1. Any residue at all in region 420-427 that is in contact with a Ser or Thr (Cβ under 7 Å, 6 or more places away or on another chain) and under 26 Å from Ser494 (Cα atoms)?
2. Taking the conditions exactly as written (touching a Ser or Thr at 6+ places or on another chain (Cβ under 9 Å), closer than 30 Å to Asn433 by Cβ and open to solvent by less than 90 Å² (accessible area, probe 1.4 Å)), does Ala391 satisfy them or not?
3. Would region 13-34 turn up any residue that is at pLDDT 85 or above and either assigned to a loop (DSSP other than H, G, I, E, B) or under 39 Å from the mean Cα position of the chain (by Cα) (or both)?
4. Can you find a residue in region 335-354 that is assigned to a loop (DSSP other than H, G, I, E, B), free of Cβ contacts under 8 Å to residues at least 40 places away in the same chain and crowded, with 19+ Cβ neighbours inside 10 Å?
5. Could you count how many residues in region 61-71 are open to solvent by 40 Å² or more (accessible area, probe 1.4 Å) and modelled with pLDDT of 90 or more?
6. Residue pairs, Cβ under 9 Å, 6 or more apart or interchain, first in region 503-521 and closer than 14 Å to Gly452 by Cβ and of a type in the set (Ser, Thr, Tyr), second open to solvent by less than 30 Å² (accessible area, probe 1.4 Å) and at pLDDT 95 or above. List them.
7. Would region 248-255 turn up any residue that is over 21 Å from Glu214 (Cβ atoms), out of contact with any Phe, Trp or Tyr (no Cβ under 7 Å at 6 or more places or on another chain) and surrounded by fewer than 16 Cβ atoms within 10 Å (Cβ to Cβ)?
8. Please list, ordered by first then second residue, the pairs with beta carbon atoms under 6 Å, 6 or more apart or interchain, first in region 360-380 and on the phi > 0 side of the Ramachandran plot, second not charged (D, E, K, R).
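The values are calculated or read from the model by the stated rules, or taken from the named source; none is laboratory data. Worth saying up front: this structure is predicted, and the values here are computed from it rather than measured. No Cβ is skipped: glycine too gets one built from the backbone with ideal geometry, and neighbour counts run over all protein chains shown. Keep in mind that these areas ignore ligands, DNA and RNA; they rest on the heavy atoms of the full protein, side chains included. Shrake-Rupley method; radii C 1.70, N 1.55, O 1.52, S 1.80 Å.
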Amino acid sequence: MKQKKKSLFSLLLALMMMAGLMQGMTVETKAATNSVQAGPFTLSRDSGAIVEGVDYTYGKYESGNRNSLTILTDDITIAMDENAEPTSDIIELGEFNNLPLDSFSKVTFSNLKMKSYYNNIYSNVDHIHITLVGSNELVSIKEKSETYGGYAIFGHGSVTIENSPYGSLYATGDGLGWGAISVSEGYGKSDACITVGDAMSMKSSTTLMADISELTDTPQVWRDYIGAGKNYMDIKSAKTLLIGMWKHSHTWSYALDESKDGSRILATCSGLGDCNEKDASLWLSLSAENTDYDGTAKAANITISEDWKRLNLPVPEIVYYLSGTDTKTNSDNSGAEAVGGAPKLPGSYKAQVTVGTDTKATKEFTITCKHGEWVETVSDSYLKTAATCTAPAVYYKSCKLCGAKGTETFTSGNPLGHDFSNNAEVCRREGCNEKNPDYKPATPVIIEGAGGEWTKESGATLRFRSDAGISSFLRVEVDGTVVDAKNYMVTEGSTIVTFTAEYLESLATGKHTVAIVSSISGEEKKATAEFTVAKKADTTSGNSTPNTEQTTAQKTKALKTGDESPVGYLLALLALCGAAVVFTGKKGYLK
């Protein structure tokens, strides 16, 4: 038996382990890929897949209204679209912790555009090597002029910017007074330094947010920061740096041309450096003409300059609204084939285009119908007044071309005639009070109390109810005789008559007829019913007291009923279980 218990225990343990294994197998993992999107950044790696949580994380930064991209492993390229707007997100290379710092060493920046009040790049790596691709712009601006700003790049370890003949970095920041790029031995490793590759050109300025045309000084690479000046005494922190060959990158801004009544949008390049398109004619114009209705959609037009087309600036779709509102056109309000589509029906409309984030150009226009011919169309859309008992329906005439409702009217159909169905006293149609000339007043009926019984000496009352209104009540009769009003009470609902016990005692035993008399349309009408007055029951004879045998039988039956309850079944089941335990114990099965 002990062997059996061990086998059972082993089986249970195996099942539990299998369940745990199956549960573990259901854990969802991120699919690995060589390129992933993290907010405004595209991460890629030629040598292998990139997995979120292993190679990088992206989410809300611990302070401020911004997100953070944290790189955790080597050989990852961080890129942005070259035409993207600057982001206020930050990048962390490695996770901040106590020494030793993270050990991976290679990262590539490609067309990064970052602009915020904070440090753009944190390096928590022992020695990070940054390769530049495209035009990278790291701008840390002051939130308030009297405060220190952040860094474009700040390293807790060493930072090396590698040779990249086709890449460049524009970095600007006050950096707590230490300039755009700095490392700190106080927070990181003791020999942290900045290195710029031999083949990289570098210019600088001690001014924050300096234009690249102003970068004339030759900067010096120092252990803690990059300075500008020809000798030690003149060195000041380089708040703006340009490393590598600079390639201007367009960043387009859009604004309304105020001289064109809000229908033209102008584009200008706001990218750093001198733009060779500064004299280009860059405009998009929206036009729409007032027109006559002919059943076809009336679309607005977009015209763009040749330079706008050459530079491949965006050409948005036109969206249409009801004039003076934010309600888009649709099939019901304008006949448009799609929501926001070009309208067909007569009316006033607004065409609108949006360029960039929220620069909108609009143009108002009207579709007009000349209403050449008015026709008679029977439709609820043109109904002026519905048909009545004595007059036909009246409709407005409508334009044959556009369907617009006119002012002239016509009649259609016949009057409805009066509805005196079911012997109605007045016409049943709403708004008509015509009396029925053939009306025959209905005889009221007893709707409560008919066939009732009252017992002598019971002291009870007896109630009857007529469906006639109480305002028409005249009197009460019993067996054809008018009953004195002191012998009953009349209450509303519709007419309720309640006889007193004293009056009922005066009636002989047997059947009687009650009549509640009402005045219906000037005629006396009776609602009648029968009721019975019964003798008092005889309680002095018969088997009013149960004998002993009856009482005993009833108790026995009650006892049997209790035995058949669920509690009885449970007690019987417990008794059987106890017997089984005793029996198996005697046989030795519990040893």
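1. There is no residue in region 420-427 that is in contact with a Ser or Thr (Cβ under 7 Å, 6 or more places away or on another chain) and under 26 Å from Ser494 (Cα atoms).
2. Criteria met by Ala391.
3. Looking for residues that are at pLDDT 85 or above and either assigned to a loop (DSSP other than H, G, I, E, B) or under 39 Å from the mean Cα position of the chain (by Cα) (or both), one finds at least one in region 13-34, hence yes.
4. Yes, some residue in region 335-354 is assigned to a loop (DSSP other than H, G, I, E, B), free of Cβ contacts under 8 Å to residues at least 40 places away in the same chain and crowded, with 19+ Cβ neighbours inside 10 Å.
5. So the answer is 1.
6. Within 9 Å, the pairs are Thr513/Glu477; Thr513/Val478; Thr513/Ala529; Thr513/Phe531.
7. yes
8. Close Cβ pairs satisfying both conditions: His371/Cys399.
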